[in-house]
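**Student:** This is the structure, below, for whatever I ask next.
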Amino acid sequence: MNQDNNRDAAWRIALRNAKTAKERTATPRVVMPQLEPGYRVTCNEEVNQGLSAEQALIEASRCLDCPDPQCMQGCPVAVDIPGFIKNVERGEFLEAAAVLKNTSALPAVCGRVCPQEKQCESRCIYNKMKKPAVAIGYLERFAADYERVEHSRHPVEVVRPESNGIRVAVVGSGPAGLSFAGDMVKRGYDVTVYEALHEIGGVLKYGIPEFRLPNSVVEAEIDGLRALGVNFVKDCVVGKTLSYDDLHTLGYKGIFVASGAGLPRFMGIPGENYIGVMSSNEYLTRINLMGAGRPGEDTPVLKGRRVAVIGGGNTAMDSVRTARRQGAEVAMIVYRRGEAEMPARVEEVAHAKEEGIMFMNLCNPVEYLSDENGRVRAMKIQRMELGEPDESGRRSPQPIPGAVEEIPVDLVIVSVGVSPNPLIPNAISQLEVSRRGTIVVDDATMRSSLSDLYAGGDIVRGGATVILAMGDGRHAAQSMHEALSK
């Protein structure tokens, strides 16, 4: 940690003494400005508009600068949360961004898509006072956005780290790969990231819609890594275009696999092969990455008047809200548990409701019906009730005998989970793989059964969050660096 940002720095002590704890805790949590629902469903503009400088200063002043900041314990990439927030409070916004970038390669992304309410903010001391937590995510976004705008107006020369001459390869340019690449390039490694698709960013580009995470924000973060010296190679499928042995021939001493979980799962119910039943992966990739539905783009995508999205996670929310923007008159979430059990972020559910999304909770599709052309026209849903908790502690949904209904639909988007991309596990016979298709790693080092191959993110976890993938990338970078340094 920079000594000037240490909690014992004179400016931090003065800042803490400038307001009493009572004054700080009496300040209400800031409300994020957002676009009106009626307007935002007509476009792809970002819903959350970001804090003003004035709002950020007030919100940052709520932070008590705890001597033992529990918020940091909830952050998978160990951001110095009080350090950056106190810099916001004193108006040193660029310094706040610098503190963030000490540990996070993608702060503008994390500030938008991290489930802060389950991580850093869930540990905030305000929760014990029965008050809303400090808006850590909003402040992270503010500092990162401020830096991006300032540097676009007044470009700064980026000093590249001194090279140590060692080459490492990264497979996949999603959050785990980018986080790993950022940490390794800062240590002087020659880093090349291989991406199978035609754009860099992985799930940040193909999975998350622009109304939640604009591509321009992702591009700016990637440009920052380019400026540090990270090389990016697109349209290259490691396991097909290049083999594991090819990477050795090219001189790579370490390989980090972050190829994600892009293999969609279906439910195995009758009618899933009808026209108009598709996965969230395909639907969102066509629209987010390939421009379907945008003027001047020729990627086709099915559009529905009555659209059902099956599932209750963030990807389901992204899909149903996208369908609404694609012109659906009725867009509904069909989820087999209740709203309290939904894994989606509370904010995403609230935004969906504001946009007129219909929620069919405690419902499970059991069959799809088609018209004479083989196109889906309806779904049969089984009404459910919650029984006893399952092994994860969530209450298991049980069918209510005889409670089956037929609901008209003309597009179904299935969002019930993903499986790891099978290409690399299948292409490298020596690699130990779990029965779920994930790469088996040592939790302490992220190293696989092959001594020079590390892995992280969804290829190890199955479907997880952006920030957990980034944490894996950081963890693997530290471990690989220690191994290569020996």
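The values are calculated or read from the model by the stated rules, or taken from the named source; none is laboratory data. Given the structure is predicted, the values throughout are model-derived calculations rather than measurements. A quick note on method: Cβ atoms are made from the backbone with ideal geometry, for glycine too, and the neighbour counts reach across all protein chains shown.
**Student:** Among all residue pairs at least 6 apart or on different chains, which show Cβ distances below 7 Å where the first residue, located in the range 184-210, is more than 22 Å from residue 240 (Cβ to Cβ) and the second is small (Gly, Ala, Ser) and buried (at least 23 other Cβ atoms within 10 Å of the Cβ)?
**Tutor:** 184/477; 204/174
**Student:** Let me ask something additional. Which residue is surrounded by the fewest Cβ atoms within 10 Å (Cβ to Cβ), if the candidates are limited to the range 261-279 and must be in contact with an Asp or Glu (Cβ under 7 Å, 6 or more places away or on another chain) and more than 15 Å from residue 422 (Cβ to Cβ)?
**Tutor:** Looking at residues that are in contact with an Asp or Glu (Cβ under 7 Å, 6 or more places away or on another chain) and more than 15 Å from residue 422 (Cβ to Cβ), I get 270.
**Student:** Among residues belonging to the range 285-313 that are part of a helix (DSSP H, G or I), touching a helix residue (DSSP H, G or I) at 6+ places or on another chain (Cβ under 6 Å) and not β-branched (Val, Ile, Thr), point out the one that is nearest to residue 380 (Cα to Cα).
**Tutor:** My answer is 288.
**Student:** Answer yes or no as to whether residue 78 is modelled with pLDDT of 95 or more and either of a type in the set (A, V, I, L, M) or outside the structural domain of residue 129 (by TED's automatic domain parsing) (or both).
**Tutor:** So residue 78 fails the test.
**Student:** Hey, can you tell me all the residues within the range 436-486 that are among the hydroxyl-bearing types (Ser, Thr, Tyr) and under 14 Å from the mean Cα position of the chain (by Cα)?
**Tutor:** Residue satisfying the conditions is 465 alone.
**Student:** For the range 387-397, which positions are closer than 12 Å to residue 362 by Cβ and either in contact with a Ser or Thr (Cβ under 7 Å, 6 or more places away or on another chain) or modelled with pLDDT of 95 or more (or both)?
**Tutor:** 387, the sole residue that qualifies.
**Student:** Residue 427 is checked against (1) at pLDDT 95 or above; (2) over 26 Å from the mean Cα position of the chain (by Cα) and fails just one. What number does that condition carry?
**Tutor:** Only one criterion in (1) at pLDDT 95 or above; (2) over 26 Å from the mean Cα position of the chain (by Cα) is unmet by residue 427, namely (1).
**Student:** Can you tell me which condition residue 84 does not meet? The list is (1) assigned to a loop (DSSP other than H, G, I, E, B); (2) surrounded by 12 or more Cβ atoms within 10 Å (Cβ to Cβ); (3) of a type outside the set (S, T, N, Q), and all the others hold.
**Tutor:** (1)
**Student:** Sticking with this one: For the range 210-220, does any single residue satisfy the condition of being modelled with pLDDT of 95 or more, within 30 Å of residue 430 (Cα to Cα) and either among the hydrophobic types (A, V, I, L, M, F, W, C) or not assigned by TED's automatic domain parsing to the domain that holds residue 140 (or both)?
**Tutor:** no
**Student:** Quickly run through the range 325-372 and pick out the residues that are charged (D, E, K, R) and under 23 Å from residue 272 (Cβ atoms).
**Tutor:** Passing the criteria: 336, 337, 367, 371, 372.
**Student:** Take the residues of the range 240-260 that are assigned to a loop (DSSP other than H, G, I, E, B) and under 25 Å from the mean Cα position of the chain (by Cα): which is surrounded by the fewest Cβ atoms within 10 Å (Cβ to Cβ)?
**Tutor:** 260
**Student:** Under the condition of being of a type in the set (Asp, Glu) and in a loop (DSSP other than H, G, I, E, B), which residue from the range 7-40 is surrounded by the most Cβ atoms within 10 Å (Cβ to Cβ)?
**Tutor:** Residue satisfying both the conditions and the ranking: 36.
**Student:** Could you figure out which of (1) assigned to a helix (DSSP H, G or I); (2) small (Gly, Ala, Ser); (3) surrounded by fewer than 22 Cβ atoms within 10 Å (Cβ to Cβ) isn't true of residue 133?
**Tutor:** Failing condition for residue 133: (1).
**Student:** Restricting to the range 346-376, count the residues that are buried (at least 19 other Cβ atoms within 10 Å of the Cβ) and either on the phi > 0 side of the Ramachandran plot or among the basic types (Lys, Arg) (or both).
**Tutor:** Qualifying residue count, the range 346-376: 1.
**Student:** A follow-up question, please. Working only within the range 420-444, note down all residues that are crowded, with 16+ Cβ neighbours inside 10 Å and in contact with a Pro (Cβ under 8 Å, 6 or more places away or on another chain).
**Tutor:** Within the range 420-444, 431, 433, 437, 438, 439 meet the criteria.
**Student:** Condition first: within 25 Å of residue 163 (Cα to Cα) and small (Gly, Ala, Ser). Now tell me which residues in the range 228-277 satisfy that.
**Tutor:** Hits for the range 228-277 are 229, 251, 254, 258.
**Student:** Find the residue count for the range 159-179, including only residues that are surrounded by 23 or more Cβ atoms within 10 Å (Cβ to Cβ) and either over 19 Å from residue 217 (Cα atoms) or charged (D, E, K, R) (or both).
**Tutor:** Total meeting the criteria: 4.
**Student:** Another question, then. Any idea which of 350, 340 is assigned to a helix (DSSP H, G or I), modelled with pLDDT of 95 or more and under 22 Å from the mean Cα position of the chain (by Cα)?
**Tutor:** Step by step, each of 350, 340 is checked, and only 350 is assigned to a helix (DSSP H, G or I), modelled with pLDDT of 95 or more and under 22 Å from the mean Cα position of the chain (by Cα).
**Student:** Filter the range 153-179 for residues that are assigned to a helix (DSSP H, G or I), polar (S, T, N, Q) and over 25 Å from the mean Cα position of the chain (by Cα) and give the result.
**Tutor:** Those that are assigned to a helix (DSSP H, G or I), polar (S, T, N, Q) and over 25 Å from the mean Cα position of the chain (by Cα): none in the range 153-179.
**Student:** Could you tell me which of the residues 147, 140 is at pLDDT 95 or above, assigned to a helix (DSSP H, G or I), surrounded by fewer than 24 Cβ atoms within 10 Å (Cβ to Cβ) and not small (Gly, Ala, Ser)?
**Tutor:** Testing whether each residue is at pLDDT 95 or above, assigned to a helix (DSSP H, G or I), surrounded by fewer than 24 Cβ atoms within 10 Å (Cβ to Cβ) and not small (Gly, Ala, Ser) leaves just 147.
**Student:** Quick check, is residue 322 in the same structural domain as residue 439 (by TED's automatic domain parsing), out of contact with any Cys (no Cβ under 7 Å at 6 or more places or on another chain) and among the polar types (S, T, N, Q)?
**Tutor:** no
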